[in-house]
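Quick notes on the structure that follows.
The numbers here are math on the coordinates, done by the rules we state, and not lab data. Predicted model, so just to flag it, every value in this text is computed and none were measured. Positions of Cβ are generated from backbone atoms using ideal geometry, with glycine treated the same way; all protein chains shown enter the neighbour counts.
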Amino acid sequence: MKQLQIIVCAKQIPDPEGPADAFQVDPEAKKVIPVGIPPVINPFDENALEAALQIKKEFDSKITILSMGEKLAQPVLRKTLAAGADDLMLLIDDCFRTLDSYSNAYVLSEAIRKTGPYDIILTGRQAGDWDFGVTGLFIAEILQIPVVNLARKVEVKGDWVLVEKLSEDGYEVVKAKMPVLVTVSSEVGELRYVSVQALRAVSKRPVKILNAANLELDLKKLTYRTILNLYTFHDERQCRFMEGESAEEKAESLAFTLRQDRVI
């Protein structure tokens, strides 16, 4: 069997585990600004990488990581190399800022074409920042290849990919011929542990960096998100003490107040 060419799309996002009060809303600029929140790899994309590594354990495979944005932190994304990926390709350009989902898919699709022949493209089921969950599906549509969504397990059987796909009452087993795109869910399992020694070992590994000109993009095809309004929700609360000489009287007063306010 020939070497499998696997591409994993990995997005850099602010750590979704960061405290809520560390995210500040700028209503004038219509932006959410993470303060003191480090960038991380989207957790669902880490699941996708884990699925790729499980395939690589069984078959001779080459895993290429593809990530795009306007400010990508190489030390963060080199974690993928330390985990077992072979190549890392970064797509960095100011014009990639605030692209909508379809334009993100267009840029990634052009980069995938530049990498040469491929067998399997893996993406996370959604990103942990915007949670749209459509970019992977758009990539498959642009490349005109089959797509299987919400995978909990991915296996290779000859020229086919066998996927356990999540459904409302369990899972379905779906078979698709390669090349194919699969969006991966967290049920695949967390990305394996990456040691400090492994991170140090890949710190000098070459990383390929491409921009819009390198990809020969048609910039007229790029469209951007338009945020119409952005504001911070302010929850107003009122505290009322129930009067009464005894606990029974206070409870009766509470019940009367709840009925009056139509809570019960």
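Where both partners of a DSSP beta bridge lie in the chain, what percent of those bridges are antiparallel, to the nearest 5?
45 percent
At R0 = 22 Å, how high is the FRET efficiency between Ile264 and Thr232 if r is their beta carbon distance? Nearest 0.05 is fine.
Computed FRET efficiency for Ile264 and Thr232: 0.10.
Give a residue-ordered list of calculated ³J(HN,Hα) values for segment 129-139 (Karplus: 6.51 cos²θ - 1.76 cosθ + 1.60, θ = phi - 60°; whole Hz; x for Gly, Pro).
9, 8, 6, 6, x, 10, 4, x, 5, 5, 4
Could you work out the helix-only [θ] at 222 nm for the chain, with each DSSP H run of four or more residues adding -39,500 (n - 2.57) and the total divided by the number of residues, to the nearest 500 deg cm²/dmol?
Mean residue ellipticity, 222 nm, calculated: -8000 deg cm²/dmol.
Please identify which residues in segment 85-104 have an amide N closer than 13 Å to a label point set 7 Å out from the Cα of Tyr224, following the Cα→Cβ vector.
Label zone hits: 94-100.
What is segment 43-151 by shape, rounded, prolate or oblate, if you read a ≥ b ≥ c off the alpha carbon gyration tensor as root eigenvalues and call it rounded for a/c under 1.5, prolate for a/b larger than b/c, and oblate otherwise?
Rounded, since a/c falls under 1.5.
I'd like the FRET efficiency for Gln54 and Asp26, computed as 1/(1 + (r/R0)^6) with the beta carbon distance as r and R0 of 51 Å, rounded to 0.05.
0.75
Quick one: Karplus J couplings for segment 253-264, per residue in order, coefficients 6.51, -1.76, 1.60, θ = phi - 60°, nearest Hz, x for Gly and Pro?
These are the phi-based 3J(HN,Hα) values: 5, 5, 4, 5, 5, 5, 5, 4, 8, 6, 7, 10 Hz.
Let me spell out the model: positive unit charges on the Cβ of Lys and Arg, negative unit charges on the Cβ of Asp and Glu, origin at the Cα centre of the chain. What dipole size does that give, in debye rounded to 20?
Around 1420 debye, computed over the chain.
Among Met68, Met242, which comes first, then next, by fewest other beta-carbon atoms within 10 Å?
If I rank by nearby Cβ atoms, fewest first, I get Met242, Met68.
Given a Förster distance of 41 Å, report the FRET efficiency between Glu245 and Glu17 from their Cβ-Cβ distance, rounded to the nearest 0.05.
Once rounded, the FRET efficiency stands at 0.25.
Please turn the phi angles of segment 187-202 into ³J(HN,Hα) values with the Karplus equation 6.51 cos²θ - 1.76 cosθ + 1.60 (θ = phi - 60°), one per residue in order, whole Hz, x for glycine and proline.
Once rounded to whole Hz, the list reads 5, 4, x, 5, 4, 4, 4, 10, 7, 4, 4, 5, 5, 5, 5, 9.
Looking at this model, which pairs from Lys31/Lys204; Lys11/Lys157; Lys114/Lys157; Lys11/Lys153 are more than 31 angstrom apart at the alpha-carbon?
Listed pairs above 31 Å: Lys31/Lys204.
Can you list the residues, at least 5 places off or on another chain, whose amide H is less than 5 Å from the amide H of Val202, using H built in the peptide plane?
Distant-sequence amide H within range of Val202: zero hits.
For the chain, what is the largest minus smallest coordinate of the Cα atoms on each principal axis, given in angstrom and ordered from greatest to least?
83, 44, 41 Å, listed from the longest principal axis down.
How long is the gain from Asp169 to Asp129 if the chain were fully straight, where each residue apart is worth 0.36 nm and the alpha carbon distance is subtracted?
Answer, rounded to one decimal: 11.7 nm.
Fully extended, how many nm does the chain gain between Leu254 and Lys114 (0.36 nm per residue separation, minus their Cα-Cα distance)?
Here the segment from Leu254 to Lys114 would lengthen by 43.6 nm.
Compute the Cα gyration tensor for segment 1-94, then decide on rounded, prolate or oblate, letting a ≥ b ≥ c be the square roots of its eigenvalues: rounded whenever a/c is under 1.5, prolate when a/b is larger than b/c in the other cases, and oblate in all that remain.
Because a/c hits 1.5 or more and a/b exceeds b/c, segment 1-94 counts as prolate.
Cα centroids of segment 187-264 and segment 27-73: how far apart, whole angstrom?
Going from one Cα centre to the other spans 19 Å.
I need Thr115, Thr183, Thr64 ordered by Cβ neighbour count within 10 Å, fewest first.
Thr115, Thr64, Thr183
Mind giving me the nanometre distance, one decimal, between the label points for Lys204 and Ala73, set 7 Å out from Cα along Cα→Cβ?
Using points 7 Å along Cα→Cβ, the separation is 2.4 nm.
Provide Val8, Val180 in ascending order of the number of other Cβ atoms located within 10 Å of each residue's Cβ, fewest first.
The fewest-first ordering by Cβ neighbours comes to Val180, Val8.
What range in the chain is the longest one free of chymotrypsin sites (Phe, Trp or Tyr not before Pro) that are in a loop by DSSP and have at most 15 other Cβ atoms within 10 angstrom?
60-129
Taking the Cβ of Glu110 as the center, what net charge do the other residues with Cβ under 13 Å away carry, scoring Lys and Arg +1 and Asp and Glu -1?
Neighbourhood net charge equals 0.
Relative contact order (percent) for the chain, with alpha-carbon contacts under 8 angstrom and 6 or more residues of separation?
Dividing the mean separation by the residue count of the chain yields 23 percent.
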